[in-house]
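Okay, structure first, notes after.
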There are 2 protein chains.
Amino acid sequence: MKYIDENSITTAVLQRLESCKNPRLKEILGTLVIHLHDFAREVKLTESEWMAGIEFLTATGQMCDDKRQEFILLSDTLGLSMLTVAMNNAKPEGVTESTVFGPFHVAGAPHVALGADISAGAAGEPLFVTAKVLTPDGKPVAGADVDVWQADEEGLYDVQRPDLAHHQARAVLRTDAQGNLNFKTVLPVAYPVPTDGPVGKMLVATGRHPWRPAHIHFMVVAPGFERLITHVFRDGDPYMDSDVVFGVRSSLIRQFEQHAPGLAPDGSQQSVPFHTLNFDFVLQPV
Amino acid sequence: MKYIDENSITTAVLQRLESCKNPRLKEILGTLVIHLHDFAREVKLTESEWMAGIEFLTATGQMCDDKRQEFILLSDTLGLSMLTVAMNNAKPEGVTESTVFGPFHVAGAPHVALGADISAGAAGEPLFVTAKVLTPDGKPVAGADVDVWQADEEGLYDVQRPDLAHHQARAVLRTDAQGNLNFKTVLPVAYPVPTDGPVGKMLVATGRHPWRPAHIHFMVVAPGFERLITHVFRDGDPYMDSDVVFGVRSSLIRQFEQHAPGLAPDGSQQSVPFHTLNFDFVLQPV
């Protein structure tokens, strides 16, 4: 232990972890130490750069509260979140892929009937969504609970509007006997992740924009199937190839078709242009 | 960008960093991303483990305030601080080695005359220190400012005692024309790093103790020489081979000799046992 230098110290730390009785913790921490030390040696980290890193991580932790999770945002913007999601949710060909959960899900969103207008007053161009929940061999999944959440035309989720007394553009629906799902909402738009914290500074310093392409979040839960957490992305979005959190997967991109004012899929007459989206979710049996 | 999986995402993140105009930041962040992603893939990090990591880092940041730096403590206990110090302060054979700075230095400690009792009331067995500050070829360095700080017999630094109105066991002395330094203080003892935060939980979870072997901190500044930040460790300490922050270097260990009551090096009569320490600092010319 005593003959410490910048190379021997890695072995010294790993030897110290030999006392760990939890083999998984030992594996994770040991691998972390090897990579942390290799990183510092490879870039020849200076003492002032080390201190800048300490200060960045400290500020990131101090930005967090019950409404803001800056460390998740850091993980998202460095691709670690999407890597973890992809690695833990590999799906066979034909099954709907997962993407990042994001910070805006709310447990206990209102359950609404099929066909409902879930916008609940959120501003935006009308969007009519139809979807099916299916097994890999195309059979309908009845009684699947589908949690939906999205931003409004200003790029804000309801939880980002502290004055709102009720949920907007957020609901849980249950598929019917044919696995069908339909609801009305507003057209999602691209929005920036919060940039008023350390992650925003990192994005500026690296010349990166903070935008996510327009999408709707879905979480689909049905007995006998793996839980699916995903988005549907709106094709044509200018940020599709540069999502700041690396959440886009080509299989999740769909046309949101624009229509002139007139008869909508729900039989109503729309006086403004409206959009339609159709998407099938294919669940993986457990 | 769209065909993201747990392998392709690393290239996607690195491509995004191509926009960074600061080549050093790009190098550091790019290397960090490679190691962060490799770490997650190698251990096959689960989503709940990822979340546990997010929560640990968040709690670490939130433990920090103007008196406590839990991220530095984390860096210290994972060996990153000592690695960085060793890498950036390599010394030729014969020059005094560096070790970690630690969190307890105070800028602007009182300047005292040679021979002073710097304990200023700190509790502990008397210790008489004599030292020389030398060039690599053994010539004295006159007028070197030597910052000294250490814990008392309870293992506490003065800054850890909020009720103290003045500094204890902390001072700045200047070497005389022969490069000599001498002062009276108290015998340092081993002490634990703070364990009431996330780092303390990590140490418990990994079966590690929180102790540092007894030492005195020194910072030596002299025109024409590299600044030296180091400790002198007390030989025989039971934690010498397991310093929780990996700061021990064999070249920095010295005998603190114990003496029976009687005549002390400063000519005083000591009625209790006392200790003496002699140590030469050898500075590297700039």
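Explain nothing, just the number: dipole magnitude of segment B:43-150 about its Cα centre with +1 on each Lys and Arg Cβ and -1 on each Asp and Glu Cβ, in debye rounded to the nearest 20. Show your work: numbers first, answer last.
Numbers: 6 positive and 14 negative charges, 58 e Å.
That gives segment B:43-150 a dipole magnitude of about 280 debye.
List, in order, the whole-Hz ³J(HN,Hα) value for each residue of segment B:25-33 obtained from phi through the Karplus relation with A = 6.51, B = -1.76, C = 1.60 and θ = phi - 60°; use x for Gly and Pro.
Using θ = phi - 60°, the values come out as 4, 4, 4, 5, 5, x, 5, 4, 5 Hz.
Would segment A:43-160 count as rounded, prolate or oblate if I go by the C-alpha gyration tensor, calling it rounded below 1.5 in a/c and otherwise prolate when a/b exceeds b/c, oblate otherwise?
Details: a/c = 3.22, a/b = 1.66, b/c = 1.94.
Taking the square roots of the gyration eigenvalues as a ≥ b ≥ c, segment A:43-160 is oblate.
What are the ³J(HN,Hα) values, in whole Hz, obtained from phi via the Karplus relation 6.51 cos²θ - 1.76 cosθ + 1.60 with θ = phi - 60°, for each residue of segment B:176-183 in sequence order, with x given for Gly and Pro?
7, 4, 9, x, 8, 9, 8, 7
Segment A:71-99 to segment B:143-219: how many Å between their Cα centroids?
46
Using a ≥ b ≥ c from the Cα gyration tensor of segment B:1-45 (square roots of the eigenvalues), is it rounded, prolate or oblate, where a/c under 1.5 gives rounded and otherwise the larger of a/b and b/c decides, a/b for prolate? Each step should come with its number before you reach the end.
On the way: a/c = 4.88, a/b = 1.44, b/c = 3.39.
Oblate.
Take the Cβ-Cβ distance between residue B:22 and residue B:52 as r, set R0 to 25 Å, and report the resulting FRET efficiency rounded to the nearest 0.05. Present the calculation step by step, with values, prior to reporting the outcome.
Numbers: r = 33 Å, r/R0 = 1.31.
According to the calculation, E is roughly 0.15.
For chain A, set up a Gaussian network in which alpha carbons nearer than 10 Å are linked by springs, and say which option among A:47, A:70, A:125 fluctuates the most.
Its mean-square fluctuation being the largest, the pick is A:47.
Taking 0.36 nm per residue of sequence separation and subtracting the Cα-Cα distance, how much length would be gained by fully extending the chain between residue B:205 and residue B:276, in nm to one decimal?
Details: separation 71, 0.36 × 71 = 25.56 nm, distance 3.90 nm.
Contour length minus Cα-Cα distance gives 21.7 nm.
For segment A:42-128, what is the relative contact order in percent, using Cα pairs closer than 8 Å and at least 6 residues apart in sequence?
Relative contact order, segment A:42-128: 13 percent.
Considering amide H positions built from the backbone, and no H for Pro or chain starts, which residues 5 or more places from residue A:155, or on another chain, come under 5 Å of its amide H?
When sequence neighbours closer than 5 places are left aside, the close amide H contacts are A:189.
Specify the residue with the greatest mean-square fluctuation among B:180, B:88, B:22, computed from a Gaussian network of chain B linking alpha-carbon atoms under 10 Å apart.
Residue with maximal mean-square fluctuation among B:180, B:88, B:22: B:22.
Per residue of segment B:86-99, what does 6.51 cos²θ - 1.76 cosθ + 1.60 with θ = phi - 60° give for ³J(HN,Hα)? Whole Hz please, x for Gly and Pro, Karplus curve as stated.
With the stated coefficients, segment B:86-99 comes to 5, 5, 8, 9, 4, 10, x, 3, x, 8, 4, 6, 8, 9 Hz.
Which far-off residues, 5 or more places away or on another chain, put their amide H under 5 Å from the one on residue A:122, with H placed in the peptide plane?
Sorted by chain and number, the residues that satisfy this are A:169.
Considering Cα pairs under 8 angstrom that are at least six residues apart, work out the relative contact order of chain A and quote it in whole percent.
On the way: 517 pairs, mean separation 57.7, N = 286.
For chain A, the relative contact order is 20 percent.
Calculate the all-directions average of the projected area of the protein assembly as shown's alpha-carbon convex hull, and give it in nm².
Values: hull surface 122.6 nm².
That works out to 30.6 nm², a quarter of the Cα hull's surface.
Rg (Å, one decimal) plus Dmax (Å, integer) for the alpha carbons of chain B?
22.7, 81
Report relative contact order for segment A:177-281 in percent, whole number only (criteria: Cα-Cα under 8 Å, sequence separation at least 6).
On the way: 134 pairs, mean separation 19.2, N = 105.
With pairs under 8 Å counted, the relative contact order is 18 percent.
Once you average over the residues of A:55-66, how many Cβ atoms of partner chains fall within 10 Å of each Cβ?
Numbers: counts 4, 2, 9, 10, 3, 5, 12, 6, 3, 7, 2, 0.
Going residue by residue through A:55-66 and averaging, the value is 5.
For segment A:80-282, give the magnitude of the charge dipole about the Cα centre (Cβ charges: +1 Lys/Arg, -1 Asp/Glu; no others), in debye to the nearest 20. Kindly include the intermediate steps, with their values, before the conclusion.
Numbers: 14 positive and 22 negative charges, 69 e Å.
That gives a dipole near 340 debye.
Around residue B:168, with a cut-off of 14 angstrom between Cβ atoms, what is the net charge of the other residues, counting Lys and Arg +1 and Asp and Glu -1?
Numbers: positive: B:161, B:170, B:184; negative: B:117, B:152, B:153, B:154, B:158, B:163.
Residues close to residue B:168 contribute a combined charge of -3.
What is the mean number of Cβ atoms from other protein chains located within 10 Å of the Cβ atom of each residue in peptide A:17-26, rounded to a whole number?
Numbers: counts 4, 3, 6, 5, 3, 3, 0, 3, 6, 3.
For this peptide, the per-residue mean of nearby foreign Cβ atoms is 4.
Over all residues in B:81-93, what is the mean tally of Cβ atoms on other chains that come within 10 Å of each residue's Cβ?
Working: counts 5, 6, 16, 13, 5, 6, 11, 8, 2, 2, 0, 0, 0.
The per-residue average across the peptide is 6.
Thinking of segment A:67-223 as a set of Cα atoms, what percent of all their pairs are more than 24 Å apart?
Details: 4985 of 12246 pairs.
Of all Cα-Cα pairs in segment A:67-223, 41 percent lie more than 24 Å apart.
Would you calculate, for chain A, the mean residue ellipticity at 222 nm contributed by helices, counting each DSSP H stretch of 4 or more residues as -39,500 (n - 2.57) and dividing by all residues, to the nearest 500? Mind showing how you got there, number by number?
On the way: 6 runs with 71 residues, N = 286.
So the calculated ellipticity at 222 nm is -7500 deg cm²/dmol.
If you put a point 7 Å past Cα along the Cβ direction, how far is that point for residue A:221 from the same point in each other copy, in nm, smallest first?
Nearest first, the other copies' label points are 6.0 nm away.
If packing is taken as the mean number of other Cβ atoms within 10 Å per residue, what is the order of B:219-226, A:255-262, highest first?
Details: B:219-226: 16.6, A:255-262: 13.2.
Those peptides, ordered most packed to least, come out B:219-226, A:255-262.
Here, each number is a calculation from the coordinates, and none is a lab measurement. These numbers come from a predicted model, not from an experiment. Methodologically, a virtual Cβ is constructed for each residue, glycine included, from the backbone with ideal geometry; neighbour enumeration extends over all protein chains shown.
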